[in-house]
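Inspection log for the structure reproduced underneath, given as structure tokens.
The values are calculated or read from the model by the stated rules, or taken from the named source; none is laboratory data. Given the structure is predicted, the values throughout are model-derived calculations rather than measurements. Glycine gets a Cβ as well: all are built from the backbone with ideal geometry, and neighbour counts include every protein chain shown.
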Amino acid sequence: MWISKPIYEALPYFYLVAGVITLSASMYVDHWYWPTICFTTGVFCLVAGLVVLLKRRDARSVKRRQSPAE
């Protein structure tokens, strides 16, 4: 692992929060193409956060099932 465990574990939540912030910012920004940029970035961050959370959950459940019961 390249980063410390607390940062690694918090990363999907950071993606989700960043997605919500940029989606809400897209409603209030009125200059040039910023609403579109914020909306696209927000959707991308939300999807990335959900994908990472779901992949980790599935990997951990498979790992739990494969480990011998002690």
Within the bounds of the range 2-16, is there any residue that is basic (K, R) and surrounded by 10 or more Cβ atoms within 10 Å (Cβ to Cβ)?
no
Please give the number of the condition R56 fails out of (1) among the charged types (D, E, K, R); (2) closer than 21 Å to I7 by Cβ; (3) more than 20 Å from the chain's Cα centre (by Cα).
(3)
Can you tell me which residue within the range 17-26, out of those that are among the hydroxyl-bearing types (S, T, Y) and surrounded by 14 or more Cβ atoms within 10 Å (Cβ to Cβ), is modelled with the lowest pLDDT?
S26
Kindly list, by first and then second residue, each pair from a residue in the range 32-46 that is hydroxyl-bearing (S, T, Y) to a residue that is at pLDDT below 95 and assigned to a helix (DSSP H, G or I), limited to pairs with Cβ atoms under 8 Å and residues at least 6 apart or on different chains.
T36/S26
β-branched (V, I, T) and modelled with pLDDT under 95: does that describe V29?
yes
Of those in the range 17-34 that are among the aromatic types (F, W, Y) and in a loop (DSSP other than H, G, I, E, B), the residue nearest to V47 (Cα to Cα) is Y33
Scan the range 20-69 for residues that are among the polar types (S, T, N, Q) and within 20 Å of A10 (Cβ to Cβ) and report the count.
2
Only residues that are aromatic (F, W, Y) and closer than 15 Å to L53 by Cα: list them for the range 9-35, please.
Y13, F14, Y15
